[in-house]
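Notes follow once the structure below has been shown.
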Amino acid sequence: MPDLSHSLQSRDLGYLRIVAELWGVELLSNDAGEALTELAAALLDPNLLRELVESLSPEARAALEALVTEGGRIPWATFARRFGQIREVGAGHRDREQVYLHPISAAEMLFYRALLARAFFDTPSGPQEFAYIPEDLISLLSTGKFNREEGKRKEKTFATFAVNSGEEPPGRAATPTERAQVILADDRILDHACTLLAALRLGIQPPELSVPTIVLIELLAAAKLIGGGSINPEAVKSFLEMPRAEALASLVEAWQESGTFDELRQLPGLVCEGEWTNSSLVTRHSLLDLLATIPHNQWWSLPAFIRAIKEKHPDFQRPAGDYDSWFIRRESDNTYLRGFEHWDEVDGALIRYFITGPLHWLGMTDLASAEDGGIATAFRIKSKVEGQMSDFRPSTSDETGKLHVSSQGKITIPRYSPRAARYQIARFCEWEEPAKDEYRYRVTPVSLQRARQQKLKPDQLLSLLRKHAAAPLPPPFVRAIQRWEINGTEARLEHPVVLRLASPAVLDELRKSKAGRFLGEILGPTTVIVKSGAQAKVLAALAELGYLAEDR
């Protein structure tokens, strides 16, 4: 950061004289450059600095403390929200009205004492304006040099405001009420991934999952399992054959380092519009850093955590504290949520979603609520974390479950069966509604034909089933699969429309009429099948022949 001389070099002589007056320093020179040299030397006197700090208002001391605690600088937007603005006034107005004697904020009090300056600094997200303490002053304030002269140390000095070795966790521990109803995290996202990958391979709509499909697609894309609208077969094979713990860890790592998985744009009820961009990766790491300060395996209040972030780190996802250029619309009433007043609805909602969504789905946080079925009010990090949770190691079960096959072609696969096997078997089957811990499929001529189009053979299905079944396959089922492979479909159940007439003569008359082309196979002397979609035409023809018919 710039030192005192560089921070003041653009200031006029009048401002320098104001600073000198408030510090009790006499400037001899009438030249701005020489006066700056005099002033900078005088302000670095530790005793004088101590006296000035002790004369500040509690609000100004708090502002100075915040700056020292953050290493000497804070994004200007954040600092101004907490400690007020500095009025933009010309030199004539300033000197005539003596505004410096009646500051409107803690920021203004520090500014006219040269303890606060503003400048743009480079950051990973680009140039950003900061409030800062000049480098040589922050050095004195942080180390406490200004009060080390013998006989002049006091019980309470500004040196206590130096940066601590570790940051206090945001928020507080959860109350018993907040953690009354527990929702444990699990590794079910692996099973959802298997289901979705099989559905994408088949080109069918997957069943409803506890993780939103669009979110799971983004995660699988981040893990390079899918891309360009199709799956990556080799990567999918490797992923499905991994032990569950290793597979889950791979998804966690892909999520942590993804620049495309964007939690903000996944928030339910909000629509992001326009060409603005946000860095989901920087935001994610900022939140993970804050979560890393929370004691592991301890229930933590979610509302208190969000409030603490709003108070201490509100701009965790906003470059330069910008709350106006992002166009985010509330879907329910089309209101645009611009400005810091909508922080809870956007930034606060993102923190809640981050913890109750991705972190929970990836098995890293347990959740709890005050009442059964209520919103989450507490969370617990399951594994001790450092930095970006890089040492997270999920605990999962082995995939040793055995499937069951009925003689009618129904297949039941437990959740903890090998995912690679379920993925392949699902491609041969019609999908039925899954139960909580099992997946249900049915082999049909249509599903076998679809599998054949993907160059899958019935004997591959039988081989998979034999390998993973809990008991020998039912012989009728095996025979049916083998016969289908040779002969195709040998039986068909249909639902035709049957016309029953009063006498053979009426049937003969109808067959000779213009409606005869709408009749199909004759089933008996007075019974005939009506071709699909021709019921109305046959009824009209009968009416023209003088017969009234019922359509049941």
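No lab work stands behind these numbers, since they all come straight from the coordinates. What you see is a predicted model, and the numbers here were worked out from it, not measured in a lab. Positions of Cβ are generated from backbone atoms using ideal geometry, with glycine treated the same way; all protein chains shown enter the neighbour counts.
Applying the criteria of a DSSP loop state and at most 14 other Cβ atoms within 10 Å to the chymotrypsin sites (Phe, Trp or Tyr not before Pro) of the range 236-305 yields TRP276. For the range 74-82, 3J(HN,Hα) computed residue by residue from phi via the Karplus equation (6.51, -1.76, 1.60; θ = phi - 60°) reads 9, x, 4, 4, 5, 4, 5, 5, 7 Hz, glycine and proline entered as x. Stretching the chain fully between GLU521 and HIS296 yields a gain of 73.6 nm (0.36 nm per residue, less the alpha carbon separation). The string of couplings for the range 94-102 from the Karplus curve (6.51, -1.76, 1.60, θ = phi - 60°) is 4, 6, 5, 8, 6, 4, 5, 7, 9 Hz, one whole number per residue in order, with x for Gly and Pro. The stretch between ALA470 and HIS102, if pulled fully straight at 0.36 nm per residue, gains 124.1 nm over its current Cα-Cα span. Suppose R0 equals 35 Å; then what is the FRET efficiency for ARG440 and LEU545 from their Cβ-Cβ distance, rounded to the nearest 0.05? Between ARG440 and LEU545 the formula returns 0.10.
Quick check on the range 497-545: take the gyration tensor over C-alpha atoms, sort the square-rooted eigenvalues as a ≥ b ≥ c, and tell me if it's rounded (a/c under 1.5), prolate or oblate. Here the range 497-545 falls in the oblate category. Rounded to whole numbers, the Karplus 3J(HN,Hα) couplings from phi for the range 374-379 are x, 6, 5, 10, 8, 9 Hz, using 6.51 cos²θ - 1.76 cosθ + 1.60 with θ = phi - 60°, and x at Gly and Pro.
Principal axis analysis of the Cα atoms in the range 418-548 yields extents of 67, 32, 26 Å, listed in decreasing size. Under Stokes-Einstein, with the Kirkwood radius over Cα pairs standing in for Rh, what whole-number D in µm²/s applies to the range 238-290 at 4 °C and 1.567 mPa s? The estimated diffusion coefficient comes to 99 µm²/s.
The loop-placed GluC sites (Glu not before Pro) in the range 1-84, going by DSSP, that have at most 13 neighbouring Cβ atoms within 10 Å of their Cβ come out as GLU26. Based on the Stokes-Einstein relation at 25 °C and a viscosity of 0.890 mPa s, and on the Kirkwood radius from alpha carbon pairs, the chain is assigned a translational diffusion coefficient of 81 µm²/s. Each Cα pair under 8 Å and six or more residues apart adds its sequence gap; the mean of these over the residue count of the range 414-476 is a relative contact order of 28 percent. A Förster radius of 60 Å combined with the Cβ-Cβ distance from GLU65 to GLN460 puts the calculated FRET efficiency at roughly 0.30. When only Cα pairs below 8 angstrom with a gap of at least 6 residues are kept, the chain shows a relative contact order of 12 percent.
Spatially, the range 262-299 and the range 40-101 are offset by 33 Å when compared through their Cα centroids. The smallest convex shape that holds all Cα atoms of the range 314-473, its convex hull, gives 231 Å³ per residue. For the residue pairs LYS237/LYS467; LYS237/LYS410; LYS402/LYS467, the C-alpha atoms sit more than 21 angstrom apart in LYS237/LYS410.
Straight-line cross-link partners of LYS455 among the aspartates and glutamates, defined as a Cα under 18 Å from its Cα and at least 8 positions apart when in the same chain: GLU234, GLU430, GLU485. Here the range 181-381 is assigned +1 on the Cβ of each Lys and Arg and -1 on the Cβ of each Asp and Glu. Its dipole about the Cα centre then comes out at about 200 debye. Here, P(r) means the percent of Cα pairs in each 5 Å bin from 0 to the largest distance; for the range 181-381 it is 1, 7, 14, 18, 19, 17, 13, 8, 3, 0. Note on ASP45 and GLU311: with the Förster distance fixed at 30 Å, the Cβ-Cβ geometry gives a FRET efficiency of about 0.30. A helix-only calculation puts the chain at -11500 deg cm²/dmol for mean residue ellipticity at 222 nm, using -39500 (n - 2.57) for each DSSP H run of at least four residues, averaged over all residues.
With coordinates expressed along the principal axes, the C-alpha atoms belonging to the range 83-125 extend over 42, 19, 15 Å, beginning with the largest. Decide, for the range 404-487, between rounded, prolate and oblate: order the square roots of the alpha carbon gyration tensor eigenvalues as a ≥ b ≥ c, take rounded if a/c falls under 1.5, and otherwise choose prolate if a/b is larger than b/c, else oblate. Judged from the Cα gyration tensor, the range 404-487 comes out prolate (a/c at least 1.5, a/b above b/c). What is the distance in Å between the Cα centroid of the range 183-200 and that of the range 394-429? Cα centres, the range 183-200 to the range 394-429: 13 Å. Applying a DSSP loop filter and a limit of 14 other Cβ atoms within 10 Å to the GluC sites (Glu not before Pro) in the range 295-391 leaves GLU331, GLU371, GLU386.
Distance from the alpha carbon centroid of the range 461-488 to that of the range 495-552 works out to 43 angstrom. Once the mean of 1/r is taken over each pair of separate Cα atoms and inverted, the range 4-161 shows a Kirkwood hydrodynamic radius of 16.2 Å.
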